[in-house]
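Input: a single structure, listed below in structure tokens.
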Amino acid sequence: MNSQPDTPDLANAGASSDIQAGRYYGRGIPYLPIEGYPGKLIAIEGTDGVGRSTQIQLLREWLEVKGYGVIETGWTRSPLMQPTIELAKSSNTLNKLTFVLLYATDFADRMEKEIIPALKAGFVVLSDRYIFTALARAGVRGVDRLWLRSLYGFGIAPHLVFYLNVDVKTLIARVLAARGMDFWESGMDLKVGDDIYDSFRAYQSKLLKEYGSMADEFHFRVVDARRSIDKIQEELRKQVAAFLEPGAASKSDG
Amino acid sequence: MTFSLLHATDFADRLLYKIIPPLKDGMIVLADRYAYTAFARDATRGVDRQWVRELYSFAVRPDLSLYFRVPIDMSVDRLMARRVKLKFYEAGMDLGWSTNPVESFRMFQGKVLDEYDRLVEEFGLEVVSAVGSITEQQRIVRGLVSQQLQINHVEIPDEQPA
Ligand SMILES: Nc1ncnc2c1ncn2[C@@H]1O[C@H](COP(=O)(O)OP(=O)(O)OP(=O)(O)O)[C@@H](O)[C@H]1O
Ligand SMILES: [Mg+2]
């Protein structure tokens, strides 16, 4: 509810062209100023089952060997909200708006209690998913995109966002081989049909498009995730090294 | 932030299930507290004012919003008279302004009242002085409500059954 419904003040609210890595996207958290902290925030984004966790685990080991302190954070992993979100998922009574707000609450909790303290303490924070998952899921469910961007204005723009890009065909093969399709990843709540395979395919195609549409706006570094685990990891390490140790970038350590 | 978002989630749930359906059915909905409560409380807790307003932009703008204004001393006296135990968050104890619940309540609610004064102007809330007797307040409220209902009545031309 805005005092001037016709001209909502979104100038600073969402992600515009002036996103600055390491700073708040929008209006931020006024009581938590974040000037000049030593840590780095790296987000690994990508749709369900694309291979984020695999890459993060490898990246973490590599960074730790190099002597960095690493902290991982992930979606709906806040101790505060996880039980509530699990309950909401299982009961099916929540509508899309309340769902979006629950996800945002979870993220806010991790932002304040995990991410910002870790950045201030000098850690490299590896985020398994970031706000883009929330934006994509809500976007395909018809939630207003400007409102979503304003909502997440308290998030910090990561120093690096890697987007693991994949096509639906590759994704289906990967997910079936690994663990099968899950109700939510198939968008079954959207009730487009009873067939989980068709639903997964249609829903994931929409999601991929939604992610893709955010690539420029949020400065994604798009990584071709159709390749082998090793090839993807190699590319991630190269880019992370170039960012963390710009001087040493040429002296490759293989 | 978490506090603010949890309240917004609860509000969204009530709005979608308890407020919008009766409105669609043409009923009058009386809401005890609304988004303005969040605007005042969250701003006092240091959340960005504009952000909270945008957060609640999914809410329906009320046809009439009444704000019962009291001086902070009277608010404290009334609470004490009811001998209620001050709620931890209501007294803003989490902000650590004072270890004395009554003192903390006074400081916190004093700031909340300042925020409400901003809202009166910004959103055109109707101020009802809550200093007077209940009967007196009710008389004013009924006046404002019937005025509002008449306005609405006039705005809708006689509906002819199709
Ligand atoms: N590049 C790849 N090529 C083939 N298989 C892969 C690749 N990356 C990961 N996998 C396999 O796909 C499965 C899912 O991987 P992973 O758990 O890392 O995905 P995720 O994106 O974290 O999934 P979720 O969305 O469930 O968290 C695993 O069995 C993993 O071994
Ligand atoms: Mg995973």
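Could you list, in sequence order, the residues of segment A:213-250 that are within 14 Å of the chain's Cα centre (by Cα) and assigned to a strand (DSSP E or B)?
A:ARG221, A:VAL222, listed by residue number.
Across segment A:168-198, which residue is nearest to ligand 2 (Cβ to nearest atom) among those that are at pLDDT 95 or above and under 24 Å from A:ARG145 (Cβ atoms)?
Filtering segment A:168-198 for residues that are at pLDDT 95 or above and under 24 Å from A:ARG145 (Cβ atoms), the one nearest to ligand 2 (Cβ to nearest atom) comes out as A:LEU171.
Which helices (runs of 4 or more DSSP H) sit wholly inside segment A:101-205 and have at least 2 residues that are open to solvent by 10 Å² or more (accessible area, probe 1.4 Å) and more than 13 Å from every other protein chain (Cβ to nearest Cβ)?
Values: elements: A:116-120, A:131-140, A:145-151, A:168-178.
Helices (runs of 4 or more DSSP H) meeting the threshold: A:116-120, A:131-140, A:168-178.
Is segment A:223-234 home to any residue that is of a type in the set (Ser, Thr, Tyr) and either closer than 25 Å to A:TRP62 by Cα or within 16 Å of ligand 2 (Cβ to nearest atom) (or both)? Lay out the reasoning, then the answer.
Of segment A:223-234, the ones of a type in the set (Ser, Thr, Tyr) are A:228.
Then keep just the ones that are either closer than 25 Å to A:TRP62 by Cα or within 16 Å of ligand 2 (Cβ to nearest atom) (or both); that gives A:228.
Checked segment A:223-234: at least one residue is of a type in the set (Ser, Thr, Tyr) and either closer than 25 Å to A:TRP62 by Cα or within 16 Å of ligand 2 (Cβ to nearest atom) (or both).
Output the residues belonging to segment B:116-141 that are more than 14 Å from chain A (Cβ to nearest Cβ), of a type in the set (Asp, Glu) and assigned to a helix (DSSP H, G or I).
B:ASP117, B:GLU136
Yes/no matrix, rows are residues, columns are (1) more than 10 Å from ligand 1 (Cβ to nearest atom); (2) within 20 Å of A:ARG221 (Cβ to Cβ); (3) at pLDDT 75 or above:
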residue	(1), (2), (3)
A:THR47	no, yes, yes
A:VAL50	no, yes, yes
A:ILE56	no, yes, yes
A:ARG60	yes, yes, yes
A:TRP75	no, yes, yes
A:LEU80	yes, no, no
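Which pairs have Cβ atoms under 8 Å, sit 6 or more apart or on different chains, and link a residue in segment B:89-106 that is on the phi > 0 side of the Ramachandran plot to one that is not in a helix (DSSP H, G or I)?
B:GLY92/B:ARG45
The values are calculated or read from the model by the stated rules, or taken from the named source; none is laboratory data. Remember, it's a predicted structure, so these values are computed and weren't measured experimentally. Here the Cβ is made from the backbone with ideal geometry for all residues, glycine too, and neighbour counts use every protein chain on show. Protein only, heavy atoms only, side chains kept; ligands, DNA and RNA dropped before computing areas. Shrake-Rupley method; radii C 1.70, N 1.55, O 1.52, S 1.80 Å.
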